[in-house]
Each structure stands twice: as C-alpha cells, then as structure tokens.
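Comments concern the structure below.
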Amino acid sequence: MNDQAKKLREIIHNIKKQNKEAHSPTFSKNTADTDSTRVITITSGKGGVGKSNFTINLGLSLNKLGYKVTILDADLGLANIDIILGVIPKYSLAHVIRKEKSLEEIMVEGPGGIKLISGGSGLKELANLTEEQITNLIVNLKLLGKSTDFILIDTGAGINNSVLSFVDAASEIILVTTPEPTSITDAYAVLKNIVLNDKEKIIRVLINRVENNEEGLEVFNKLNTASQRFLNVSLQRLGYLYDDILVSRAVKRQTPFLLVYPNSLVSKGVETIASRLVNETNSEVFEVSGLKKFIHKFFYSHRESL
C-alpha cells in the first residue's frame, strides 16, 4: 500500500511539473484553485430515506444562491439521480477512465444549470486503474474543480466498500436518516465506519420526514448521544425536513420539488440548509474540504477498497 501511495504521489508531481514547464493555462494561478471547491459526500444507512432527492434539491438551492454545483451519482447499485431529474446521461465515468471522453463531455446539464455526472460502471473500474488512467482522471478532476463551487457526491446506502471509499475521502459528510428506528440504527452503523478511520471529519446529520421539530431534535439527540458516548465524536445538526406528500408528487413528475413546489415547507427547509452551508464558506470548515484534499485521500488510501 505504501508503494502504491508513493507511486500516486509521483504521478501527481509529474502532472504539476509538466504543466509548469509547458506554462499551461490549465493550472494557471489566474484560474480557481481546486481547494476553492467544496466536496460534500451525502450518505445514509439504508435506502429509501430520501437521500438522492435531498441531494438534488440541495444542489438547486445552492445554485439559486449563485453557486455552480456538480452532482456525482455514485450509487452503483441503484443510481436514480437521473430519474428524479428526468434526464438520461449518455456517458458515465467509465468513458473518462477509458479516455473515450473528458469529464466535461460526460456531464449532463440539469435544471437551473446544475451538472450531473453518472458514476455507472466506472466506479468498479476505479479499483484497477493503470498509471495512465490515474493521471487522466486526476487531470479531469482538477479541471472540474476550476468550473464548480460545490461537488455533491450521492453515494449508495449502507457500508459497502464503494460507499465507504467516497465517505472516507471526504472531509464533509451529510448523514441522512429518518425517525424510523431501523433507519436510526443503520445510520449509527454507517457512523461507526466513518469514524473508524477518521475522527476529525465534519459529520452533519439531516433528519428527513419528521412530523415536527421536536421529533427531529429527539432523533438527532439519540444519534449524537450514542456517538459521543461510544465513539467520542460529536455530530453537527444540519436540520430537519418535514414529511410532505408534495415530495412524492414531484418525483412522479420527474421534477425536483424545489421547482414545482417552491413555497412548500420542504422546499423552504432545503433552502435554509443551503444557506447554512454557504455561510460556512469562509469558516475553518472550508479550509479542510477542498477538492485537492479529496483527490489525494481517495487515490492514496481507498482505491483498493472499491
């Protein structure tokens, strides 16, 4: 594993050296640095808690605030971001890995100008990349960091290796759960795996489908108390979203609820959460969540686990 990490560091060093010698505008100081992009991984303990729906509408809310947003659908088994958005990606990350397309070419534009990247079978191929493929993918990811402010990674549910690879590499995590006992239990199981390798992560909890604020606070307190007692980690309360029939109606229309029901309580809730995240842009949390750090952690430590 140390040999692999050393090899990857050499690859990245060579990329920087080649661009410096060629005076390439790709990594010019006049363009945005990859650390100006916040990478947030959104995950859950079980499926069906509304994680993907939240991710999409969070992206739209951030977009409304003037930020460029890219969503990576990293749910290998049940990818459904495209279904909810009503768009059909023609290409996936696999085409970038095979050098058939660039990352920009596989991106699909969704409502409000948000960008969507389909992980597809490319997530499986991440485990066995050649040196040339690694170099190509890193260059593409760095270029992505120059064109977007937020990268939201929608993982699959649970604690399989594919999910944990994206979770482990991220500095910012949003853990989505509902008040259902099974959902809370599964969320705690994911939480244990998250802090197993890194207790310094910023872990925010979103309680979805609550009946009222009191229920949301009760669920958060249960998770946070258990986390503090048994894992020695404190969680951050991101907020609550109300159980709303308008959400399912929007899904049937294949249109985000923020667009079709902008004045609903759930839409206002997501907008409030987006504002909270934006207000942290200049805080200490921003300093540790850049794309550069995500790239390094992902390729150095987690490629074998996919």
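Scanning the range 239-267 for residues that are over 14 Å from R209 (Cα atoms), surrounded by 16 or more Cβ atoms within 10 Å (Cβ to Cβ) and not aromatic (F, W, Y) gives A250, V251, T255, P256, L258.
Tell me, which residue of the range 104-136 that is of a type in the set (S, T, N, Q) and within 25 Å of K51 (Cβ to Cβ) is surrounded by the fewest Cβ atoms within 10 Å (Cβ to Cβ)? Outline the logic, then answer.
As a first pass, look at the range 104-136 and keep what is of a type in the set (S, T, N, Q): 118, 121, 128, 130, 133, 135-136.
Retained after the next criterion (residues that are within 25 Å of K51 (Cβ to Cβ)): 118, 121.
On the way: S118: 27, S121: 13.
Residue satisfying both the conditions and the ranking: S121.
Test each condition in (1) at pLDDT 80 or above; (2) in contact with a strand residue (DSSP E or B) (Cβ under 9 Å, 6 or more places away or on another chain); (3) surrounded by 16 or more Cβ atoms within 10 Å (Cβ to Cβ); (4) not small (G, A, S) for T34 and report the one that comes out false. Unmet for T34, out of (1) at pLDDT 80 or above; (2) in contact with a strand residue (DSSP E or B) (Cβ under 9 Å, 6 or more places away or on another chain); (3) surrounded by 16 or more Cβ atoms within 10 Å (Cβ to Cβ); (4) not small (G, A, S): (1). With a requirement of 1 or more residues that are over 27 Å from P262 (Cβ atoms), the helices (runs of 4 or more DSSP H) lying completely within the range 44-133 that satisfy it span 93-97, 103-106, 122-125. From the list K90, K101, the lone residue that is surrounded by fewer than 18 Cβ atoms within 10 Å (Cβ to Cβ), over 17 Å from S52 (Cα atoms) and modelled with pLDDT of 75 or more is K90.
How many residues does the range 57-87 hold that are of a type in the set (A, V, I, L, M) and modelled with pLDDT under 95? Break it down into steps so the answer makes sense when it comes.
Taking the range 57-87 first, the residues of a type in the set (A, V, I, L, M) are 58, 60, 62, 65, 69, 71-72, 74, 76, 78-79, 81, 83-85, 87.
Filter again for modelled with pLDDT under 95, leaving 71-72, 74, 76, 78-79, 81, 83-85, 87.
Here the count works out to 11.
Go through the range 211-270 and count every residue that is touching a strand residue (DSSP E or B) at 6+ places or on another chain (Cβ under 7 Å) and among the hydroxyl-bearing types (S, T, Y). Adding up the residues that qualify gives 2. L164 falls short on exactly one of the conditions (1) closer than 29 Å to I245 by Cα; (2) touching a residue at least 40 places away in the same chain (Cβ under 8 Å); (3) in a helix (DSSP H, G or I), and that condition is (1).
The values are calculated or read from the model by the stated rules, or taken from the named source; none is laboratory data. Here the structure is a predicted model, which is why all the values come from computation and not from measurement. Note that each Cβ is placed from the backbone with ideal geometry, even for glycine, and that neighbours are counted across all protein chains shown.
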